[in-house]
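Undergrad: Submitted below is the structure of interest, expressed as structure tokens.
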Amino acid sequence: MKGLVHASSTSREPRSLPTLAPFAASAMALLLASGQGPAQAPADLETLRPKVERLLTDLDGRFERGDVAGYLAAFRPDHRGQHAMLGQRLGQLLGASSHRQRRSELVAPLRQVGPRVVARMHSTVMMAADPQGLDRLAQESGAGLDDGTTRFVEDNYLILEVTADGSLRPTGCIEVAPETKCVANGRFRCPPCNYEVGGVPGWLCVPVRSDRAHALEAVSFHLLGTDVVVDVSVEFAAEPRPAATWAAQVAGSLQSLAGAMRLHPVEPWVPPAHRSAVPKGLDAARLVLDLPQDGTDEQGAAALLHVALFGGLQHLLLLRGSKTALQRHAASVDALLGSFRLLQVDDQAVHAATAALAHHCGGLVEGSRYRNVLYDLVLQGPEGWTLQQRTGGAAFRAVWTAKNGARLWLTGHQVPPGMEAWTQATADAWLLHLCEQQQLVLVECTDDVWVPSDAAGGQVRSFRAKPTGGEAMARQPATRQVRAVLRPELLVIAVGYGVEAADEGLVTEALGSLKRP
């Protein structure tokens, strides 16, 4: 298929289970955690701004020179796991091109959070195949050019320690999602997801990008000056399962990701804010995970996983850090966990999942018809097939399932992180990556190029793909029909396969119904 064969992916979706993605990186970071002690920061932050700007210029220079070791050496990390992940990210970016530029700037007033100063930095990165590509990129308004040059943006919190002589030393760099109305005074409050958490001194509230979270919503709280973090994630409970079962499953998956760790028995749990009056229908559990010693803390590290199910939503809170730091800051940790509460606990809240899905994904289920009011599209699925909404990283997901096992998926992908819009090259690269990931090979191309479609509200192309053989053929015996719609702000991919001959026509008809209402 033209455009898919030679393209290379510019954005890769993690292959871990969607509902575990917020915790996969956390588990790996736990193995590298360290417990730094707090230091004091000055109250007059405005005097530090010129120093921070010079630091950003210095870090940009190290990035452009490809000096990963020098970049990392500029930090005295509070959290070794986060620092190692920063090194991985730098290695990936710098390995992509030897012709690069980065320009970083402060986009918000400096803040003091506990013993650290927080700088919100916005970085524009340009990468090209040759030096002339950087000049062309600088003159273009789009996100990239056809020769593979690209421009994207990154947003991070740069965490800074003020030393005794008044100089600055970065101690961490934390990726942050675009600002959201849910954050105020360090507290994260989302009425559609029916909860709030945070607002405790010393903790930095960091909204997580949806593609990183692989959940309806996620936010992390970092106790600055330490390696202690609490990850909060909200998921749609597609299937009813007890909280204890869900906690054990998540913990078991973390164990497989992070290596040797000891799981304690699952315990009943009630969020502290609701202990005086436990909401009817609330099901909650928690368990402790011990990680082995790694040389940074004689006691090792630990994680505490909390799960609360209510109104069709799963609220997960994962506390993680070195045991020394967790013990030293137990009161602050208890205050953060105690700040979590459900906003509505009456009879209407039992349908909280419906409001959360509509707010974050925009999808509505109307029999076998899926309609999305946020992204202005519909798909009429085959009559008699079961339609369910799913979540996890994408803008929206829906799946139709027939009794005989035939299936149809619909997924909407937002613009890749840091880019301004979807392009044909990026869309082709992503489609190719998905085929490789599912061990599929192209066998027939209905549309060899993107074709404008007023009905779909963008450009479309269609093709067929089949498993490459062996184990993949055994798992996926059917040829897949694929239809994609490309809009500047969204890439929609619909994929289906049948089990019986009659299913193929149903899938073809359903894919053809993908359009604007």
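Please treat every number below as a calculation from the coordinates, not as lab data. Bear in mind the structure is a predicted one, so any value in this text is a computation, not a measurement. For neighbour counting, all protein chains shown are included, and Cβ atoms are generated from backbone atoms with ideal geometry for every residue, glycine included.
Undergrad: In what order do Thr446, Thr411 fall by count of nearby beta-carbon atoms within 10 Å, going from fewest to most?
TA: The order, fewest Cβ neighbours first, is Thr446, Thr411.
Undergrad: Quick one: if you stick a label point 7 Å off each Cα along the C-beta vector at Thr245 and His264, how many nm between them?
TA: Simple spin-label model gives 2.5 nm for this pair.
Undergrad: While we're here: For Asp376 paired with Arg464, estimate the spin-label separation in nm (one decimal), with each label point 7 Å from Cα along the Cα-to-Cβ line.
TA: 3.4 nm
Undergrad: Sticking with this structure for a sec: Mind listing the long-range amide H neighbours of Ser339? Cut-off is under 5 Å, sequence gap 5 or more, other chains count too, H placed in the peptide plane at 1.01 Å from N.
TA: When sequence neighbours closer than 5 places are left aside, the close amide H contacts are Gly198.
Undergrad: Take His433, His264, His360 and order them by how many other Cβ atoms sit within 10 Å, fewest up front.
TA: Values: His433 18, His264 13, His360 21.
Fewest-to-most ranking of His433, His264, His360: His264, His433, His360.
Undergrad: Still on this structure, I have one more. Give the Rg/Rh ratio for the range 361-512, taking Rg as the radius of gyration of the Cα atoms and Rh as the Kirkwood radius, to two decimals.
TA: Result for the range 361-512 is an Rg/Rh of 0.94.
Undergrad: Taking N as the number of residues in the range 211-256, what value does Rg over Cα atoms divided by 2.2 N^0.38 Å take?
TA: 1.39
Undergrad: With r defined as the distance between the Cβ atoms of Val441 and Ala501 and R0 fixed at 25 Å, what FRET efficiency is calculated, to the nearest 0.05?
TA: E between Val441 and Ala501, to the nearest 0.05, is 0.65.
Undergrad: Classify the range 62-120 from the C-alpha gyration tensor, please: rounded if a/c falls under 1.5, else prolate or oblate depending on whether a/b exceeds b/c. Please report the intermediate quantities before stating the final value.
TA: Details: a/c = 2.65, a/b = 1.48, b/c = 1.79.
It comes out oblate by the Cα gyration axes.
Undergrad: From zero outward in steps of 10 Å, how is the percent of C-alpha pairs of the range 145-277 spread across the bins?
TA: Calculated P(r), rounded to whole percents: 9, 29, 34, 20, 7, 1, 0.
Undergrad: Farthest toward the dipole's positive end in the range 361-512, which of Gly498, Leu431, Ala465, given Cβ charges of +1 (Lys, Arg) and -1 (Asp, Glu) about the Cα centre?
TA: Towards the positive end, the residue furthest out is Gly498.
Undergrad: Defining a contact as two alpha carbons under 8 Å apart and six or more residues distant in sequence, what relative contact order in percent does the range 361-512 show?
TA: Value for the range 361-512: 20 percent.
Undergrad: For the range 99-113, in order, what is each residue's ³J(HN,Hα) by Karplus, 6.51 cos²θ - 1.76 cosθ + 1.60 with θ = phi - 60°, in whole Hz (x at glycine and Pro)?
TA: 10, 8, 9, 9, 10, 10, 9, 7, 10, 7, x, 5, 10, 9, 10
Undergrad: Ranking Leu319, Leu224 by Cβ neighbours within 10 Å, fewest first, what do you get?
TA: Working: Leu319 22, Leu224 28.
Placing the least packed residue first, the sequence is Leu319, Leu224.
Undergrad: What net charge do the residues around Leu313 carry, taking every other residue with its C-beta under 12 Å from that of Leu313, with Lys and Arg at +1 and Asp and Glu at -1? Each step should come with its number before you reach the end.
TA: On the way: positive: none; negative: Glu217, Glu235, Asp283.
Net charge in that neighbourhood comes out at -3.
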